[in-house]
Amino acid sequence: MTLKPIEHADAAPEVRAVYDDIKAARNVPDVNNFWKMAAHHPPTLKRTWESLREVMAPGALDPLVKEMIFVAVSVTNGCDYCIRSHEAAARRAGMTDAQFGELMAVIGMANETNRLAKGYQVEIDEALK
């Protein structure tokens, strides 16, 4: 059975409350499909939203940096939905095409060198410990 996104009108009150919080925090008319699918388990929806809101809030890292990190991890994990969602957020935070291009180059290089180090079972240098 394939689950369908839960729309606001069809949502339980606890789900609607989270949806409303997301919409207010992001100043958007509707929540995206990620949240509508997570709503199939309201505790997961609520916990994930609260954690994401906390982690992505302003802090020591610039919001653009946080979104670019999210894109990098999403590319590495192969999550197309997350790539597009956080690329859009990064662009809203000011990411340019040039920055996106460099980001993709860094992600590709990091993945390549990570795999080489893992494959060769490279010992950590004393100076890096």
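The values are calculated or read from the model by the stated rules, or taken from the named source; none is laboratory data. Everything numeric in this text was worked out from a predicted model, so none of it was measured. As a convention, Cβ positions derive from the backbone with ideal geometry for all residues, glycine included, and neighbour counts pool all protein chains shown.
For this structure, a couple of remarks:
- Residue within segment 70-78 that is at pLDDT 95 or above and surrounded by fewer than 12 Cβ atoms within 10 Å (Cβ to Cβ) present: yes
- Where a residue in segment 22-41 is within 14 Å of S85 (Cα to Cα) and its partner, wherever it lies, is polar (S, T, N, Q) and buried (at least 18 other Cβ atoms within 10 Å of the Cβ), with Cβ under 7 Å and at least six apart: N32/S85; F34/S85
- The set of residues in segment 1-58 that are assigned to a loop (DSSP other than H, G, I, E, B), surrounded by fewer than 12 Cβ atoms within 10 Å (Cβ to Cβ) and of a type in the set (S, T, N, Q) comprises T2, N27.
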